[in-house]
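Bear in mind that the values in this text are calculations on the coordinates, not laboratory data. Note that the structure is predicted; figures quoted are calculated from it, not measured. Note that each Cβ is placed from the backbone with ideal geometry, even for glycine, and that neighbours are counted across all protein chains shown.
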Amino acid sequence: MNEADMERAQAAEMPEDDVVAILLRQHARIRDLFAEVKNAQGEVKQQAFDELRALLAVHETAEEMIVRPVAKETAGKAEADARNQEEKEANKVLAQLEKMDVTDAQFDARLAEFERAVIEHATHEEREEFPAVRGGRSEDQLRDMGRRLLAAEKIAPTRPHPAAAGSPMAQWTVGPFASLVDRTRDAITHSGTSSR
């Protein structure tokens, strides 16, 4: 059983709308998408990267807005700050990758480094942050957090915004406006590729 399958199995043991279950399923999908990007070529590779980029952007934003304030209470300020800092750094790298040509060998090398950092970050969350959040909140509170996380993802930016990353306050302030721009850009880009 690979890591993504283990995350899915762990999530399956929790209520579907539990915040940690949602995040574990997303971590599994992120692992799947890294594999897809690495194994694809041309337009398929670009599409897989675009999906990975969007998932990472909304996932990290929602974590910072919904999970991190609770983690600060349950896991401690140092833990929450460390995860926010990792997300800030990841956002910068994601912005660099977004500007690169996916067919360039440098893209593949940078993506491999980025994948290692993202997986390490997810492992820290799963081993340190998530157990503290689960232990510090009731099942009803975890389900409420899950619903709020999904709602936050619907208004989260779909592209990296390094200036807001790593700061829950900045995500609440800048995120919805950046999201409007990102989602408009995504719609225009998508309509341009589908009409070719």
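Overview of values
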read-out: Karplus (6.51, -1.76, 1.60) ³J(HN,Hα), θ = phi - 60°, over region 88-96, in Hz, Gly and Pro reported as x; value: 4, 5, 4, 4, 5, 5, 4, 5, 5
read-out: Under the Karplus curve 6.51 cos²θ - 1.76 cosθ + 1.60, θ = phi - 60°, whole-Hz ³J(HN,Hα) for region 111-122, x wherever Gly or Pro sits; value: 4, 4, 4, 5, 4, 4, 5, 5, 5, 4, 4, 4
read-out: From phi via Karplus (6.51, -1.76, 1.60), per-residue ³J(HN,Hα) for region 34-46 in Hz, x at Gly/Pro; value: 4, 5, 4, 4, 5, 9, 9, 9, x, 5, 5, 5, 4
read-out: Centroid-to-centroid separation of region 129-143 and region 1-42 [C-alpha atoms, Å]; value: 19 Å
read-out: Average projected area [Cα convex hull, region 1-155], square nanometres; value: 8.7 nm²
read-out: Local net charge near Arg143, Cβ-Cβ under 14 Å (Lys/Arg +1, Asp/Glu -1); value: -2
read-out: Formal net charge of residues neighbouring Met65 (Cβ-Cβ distance under 11 Å; K, R +1; D, E -1); value: -2
read-out: Ranked packing of 67-77, 24-34, most packed first, by mean Cβ within 10 Å; value: 24-34, 67-77
read-out: Length gained when the stretch Ala9-Asp144 is fully extended (0.36 nm per residue, less Cα-Cα span); value: 46.4 nm
read-out: Residues Asp104, Asp144, sorted so that the one with the fewest Cβ neighbours within 10 Å comes first; value: Asp104, Asp144
read-out: Extension gain, Met1 back to Ala78 (0.36 nm per residue minus Cα-Cα distance, nm); value: 24.5 nm
